[in-house]
Structures are given as C-alpha cells and as structure tokens.
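Worksheet for the structure shown next.
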Amino acid sequence: MPTNILNLPAFTVRRVEEAGHDYHVYAEVSNAPSTCTACGADRLTGHGRNEQVIRDLPTHGKRLAIYVDTRRWRCQSCGKTFMETLPAVNAKREMTDRLVRWIGQQSLKRTFAGIADETGLDEKTIRNIFRDYINELEARFRFETPKWMGIDEIHIINKPRCVVSNIQNNTIVDMLHNRNKDTVSKYLTRMPNRDKVQYVAMDMWLPYRDAVQAVLPDATIVIDKFHVVRMANDAMERARKGLRAALTLKQRRGLMHDRFVMLKRKRDLSDEERLNLDGWTKNYPALGEAYRLKEDFFEVYEAKSPEDAARRFEAWRDGIPAEIRPYYADLIRAFQNWHHFILNYFEHPVTNAYTESLNSLIRVMNRLGRGYSFEALRAKILFTEGAHKHTLSRPKFERRREPVQKVAEPTMIGYALVDGVMPFGKAIPFPRRGVPGDARPQEPPGPPKNYGADIATLIELLESGRL
C-alpha cells in the first residue's frame, strides 16, 4: 500500500487497511527521541509500547484513523520513563492538528451533524472544537469601537437577538444571544475604548436605553427614525383592517389591493393608484382620514429643529378624530414617553439606515441556517473571510493646504532686503527645494483597522453561494 497516504513526514506508514467507509493506517513516529525529557541525558532504552488511535482528515471520501505504535522510553541516568511525543497531533485531542483546523473552518459553513458524519467523530466533539475555534477568531479579529453605534433587534432561530453595528460603515460589530439589559450592559462594559462612542441609535426598547445610560453616560441616545415612522404605518394598517371588518363582502372587493396602495407614500403613488385612493376616501372617509394621519406624521420628520418637530407632533396629535385615535394610541404614547430621545434626531440625524438590508441578510440566514446553532450563525456573519471592512466608508476630512513652491538650492550670493536695505556681507540662504519650513518626519502607518462585517458583502456572498 502507498506510504504517502498521510502526507505527514513525522510518521512512517507500515500498513494500510481499507474498509467500506474507513481507512485504517498503521504507523509509527519517524524519529525516536534522543534525550530524556526530564534530565536531558541521552542514555535511553526502550520500555514497552502502546497503540494510540489518532483521527485524521477524511481521505478519498472515507474516514481515516492512524494507529500509532507509540514507544515508551526509560532514562538510564535518572530512571524516569516517558512516552514519545506525537508530532502534528493536537495537544488536547487524539486527532491531528490539521483535522482540528479543518473542522473549525468547516463548522462555519456546514452543520455539526454533517461534519460528524464525514469524520466519524461525535457531534459533541465537533461542537467543542467549534467553540475553541471561535475563541481563536474572537482573539484574532478586533473590531473598531464605533463612534456612531447602532443597537437593533433581529429575530433569528425563533428568538430576538441584539445586533451591535457601526452606523458610519454599515457593518455588524457583534450579535448577542439575547436583548436583555444585563447582556447588553456586560457587552458594552467589555468594549474597548467605549468612551469613543458619541451617538447610539436604537429602537424604543427600555433595556437598551438603561444599559447605554449606565455604561455610556456621555453618549447621545437617538431613537431610530425608521422604528418611529414604522409605528405610523402599523397604526394605519390597524385602522384599515378595523374599518374593513365592518364592510360587506362586496364592499371589501371594491377595496382590492388597498393595503399595498395605502402603505405607499402619497408622492410615490401612480396616477391609477391616486384615482383609486380618491374613490376609496370618498366612499369611506374614515379610511381616507387614517391615510392622511399617516402621511401627516411623516411630515413631522421634515422639521428643521427639535422645537419645530415637537410643534408639528402636537398639532398632528390634536387633529386626530376620536374614531381614529384608538388606532394611533400606541404611536402617541411612544412619542410622548420617548420624546427627548426621539427629538435628539433633529439635532443629530443618526439612524440605522441599514435595517432593511440587515433584515434581508437575516431572512436568508434563517432559511439557510436550519440545523445551525445561534453561535454558528453568529460566527458565520462576524468572521467570514473577505467580508470585513478595513477602510472608512468616507475619507476623513482634510483641510486644504497650499502647495509647496519649489525654490532654488541655497546659495551664498542670495541676499534678502530688510526694510528695503540690503545688509552688507549677510547671506540669507533660501529653503531647500520641495521641503516646507515646518516639515516633520511622518510616523509609519499602523495596522489596518477592522470595522466589522460589511452587510452588503455578506448578502453578496450568501446570494452567490460562497457563504
């Protein structure tokens, strides 16, 4: 049988047996130890053998195990015995280093059960290797603390999770296993350079606010615009459904596709949609009123200042008819309870503009992630090679400076006039060519900064099947 089946120079293959699903490779260490591991003496004698079973990478579609005839040695100088070390074998597990590394990499792409079936290992072992691999990745990849932080919520594997993002770069910095205050607070506390965070955009979830205020007291909290205006759409949708419930079947047929039309902004309606909406509002004034209130609330976000926005909201709230008010009660209550943080938007227009693309990403991940754990999906999103953004989305503003004028080399016959008089015998050299007077040596650039996993790149990798 071939002796190169392992491609491990540290082992000498003695025999290979092939079964239906497995290779059984019998080998021994190529180079015996020359000195005692305790005292360093070179007087060694054999002291028995012991067979160890080492798992290795699947080969030719079959699982592979190496049966190593490991020798025990006795030192004639100190009398101690020791087993010869097995090179290329993982110190924690009875498998090769390359198998451990391969399992870690594959666990970001495949299910634990699939890897366990291919390698012949227990699924629990695969999971433990995966966790060690993730710990290595956590230590290797250090994402920059965002100055503009987004804290959002997504549902993944039937549970709400907290997503921390870098708003300026449209990247994901981390995913937390839940959205509890304690979890978020601990994460923010461990975040390096957390004093760099200037703004935090979030939805109206009290644990987020409390965690940020406790750990990042100097950061300005801004309630995400899209979460607020979505409540206006939800309120109008409740009103539409409530009004439709009181209509006959024939009347409801006359409102065909009303949901699609009413969720659109008025400025985006086609001529046909405008005509239909006009007919519906004439026949059902309450339906038209619900649509008008939705559109008027959007105009609150066209205000130029917090004071202007507050006035617009109060005028909008006071103009809600009694029959429609119950449908908008949640929006009114939320705006009043969170008004300080909502109005911060009009001074600091920070928003989680990536929300829709993030939701698209999570929907695809959920579809492809059947059989995955949350930890595996988190690692797939955060640590996928090629998905990280290492440069800012927009270059840092630099002040324009006058170009340096090129001048002649210094010369001893160049004189300068002082108050219109040429000083006798005083040579004033010109500056050297191309070097400004205040030039200082430039510091070498540091290592590239990692801003997290780019959402657009992740979606592209998913759609192309590379993730």
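Among the residues of the range 183-205, those identified as part of a helix (DSSP H, G or I) and either in contact (Cβ under 8 Å) with a residue 12 or more places away in the chain or in contact with a Gly (Cβ under 8 Å, 6 or more places away or on another chain) (or both) are Thr183, Val184, Ser185, Tyr187, Leu188, Thr189, Arg194, Asp195, Lys196. Checked against (1) under 25 Å from Ala91 (Cβ atoms); (2) of a type in the set (A, V, I, L, M); (3) loosely packed, with under 13 Cβ neighbours inside 10 Å, Val68 meets all criteria but (3). Counting only residues that are closer than 30 Å to Arg265 by Cα and not in a strand (DSSP E or B), the range 207-230 holds 7 of them.
As a summary of the residue check, Asn178 satisfies the conditions (1) surrounded by 20 or more Cβ atoms within 10 Å (Cβ to Cβ); (2) within 17 Å of Ala379 (Cα to Cα) except for the one numbered (1). Within the range 281-293, being among the hydrophobic types (A, V, I, L, M, F, W, C) and either surrounded by fewer than 18 Cβ atoms within 10 Å (Cβ to Cβ) or on the phi > 0 side of the Ramachandran plot (or both) holds for one residue alone: Ala286. Would you call Ser165 touching a residue at least 24 places away in the same chain (Cβ under 8 Å), of a type in the set (Ser, Thr, Tyr), in a strand (DSSP E or B) and surrounded by 14 or more Cβ atoms within 10 Å (Cβ to Cβ)? For Ser165, the condition - touching a residue at least 24 places away in the same chain (Cβ under 8 Å), of a type in the set (Ser, Thr, Tyr), in a strand (DSSP E or B) and surrounded by 14 or more Cβ atoms within 10 Å (Cβ to Cβ) - is met.
Report yes if some residue within the range 64-81 is over 22 Å from Gly40 (Cβ atoms), among the basic types (Lys, Arg) and modelled with pLDDT under 90; otherwise report no.
Looking through the range 64-81, none of the residues is over 22 Å from Gly40 (Cβ atoms), among the basic types (Lys, Arg) and modelled with pLDDT under 90.
Applying the criterion of being closer than 17 Å to Pro321 by Cα and under 38 Å from the mean Cα position of the chain (by Cα) to the residues of the range 233-248, the residue that is surrounded by the most Cβ atoms within 10 Å (Cβ to Cβ) is Met236.
Residues that are among the aliphatic types (A, V, I, L, M) and closer than 21 Å to Leu64 by Cβ were ranked within the range 105-144; the one that is modelled with the lowest pLDDT is Ala113. Is at least one residue of the range 249-257 touching a Ser or Thr at 6+ places or on another chain (Cβ under 8 Å), surrounded by 12 or more Cβ atoms within 10 Å (Cβ to Cβ) and in a helix (DSSP H, G or I)? No, that holds for no residue. For the range 265-309, residues that are under 20 Å from Val222 (Cβ atoms), in a helix (DSSP H, G or I) and of a type in the set (S, T, N, Q) total 0.
Please work out if Ala91 is free of Cβ contacts under 8 Å to residues at least 40 places away in the same chain and in a loop (DSSP other than H, G, I, E, B).
On the way: free of Cβ contacts under 8 Å to residues at least 40 places away in the same chain: yes; in a loop (DSSP other than H, G, I, E, B): yes.
For Ala91, the condition - free of Cβ contacts under 8 Å to residues at least 40 places away in the same chain and in a loop (DSSP other than H, G, I, E, B) - is met.
The single condition among (1) outside the structural domain of Ile103 (by TED's automatic domain parsing); (2) out of contact with any helix residue (DSSP H, G or I) (no Cβ under 7 Å at 6 or more places or on another chain) that Thr125 does not satisfy is (1).
Among the candidates Ala286, Ala245, the residue that is out of contact with any helix residue (DSSP H, G or I) (no Cβ under 8 Å at 6 or more places or on another chain) and farther than 30 Å from Met202 by Cβ is uniquely Ala245.
The values are calculated or read from the model by the stated rules, or taken from the named source; none is laboratory data. Please read all numbers here as calculations on a predicted model, not as lab measurements. Positions of Cβ are backbone-derived with ideal geometry, glycine not excepted, and every protein chain shown enters the neighbour counts.
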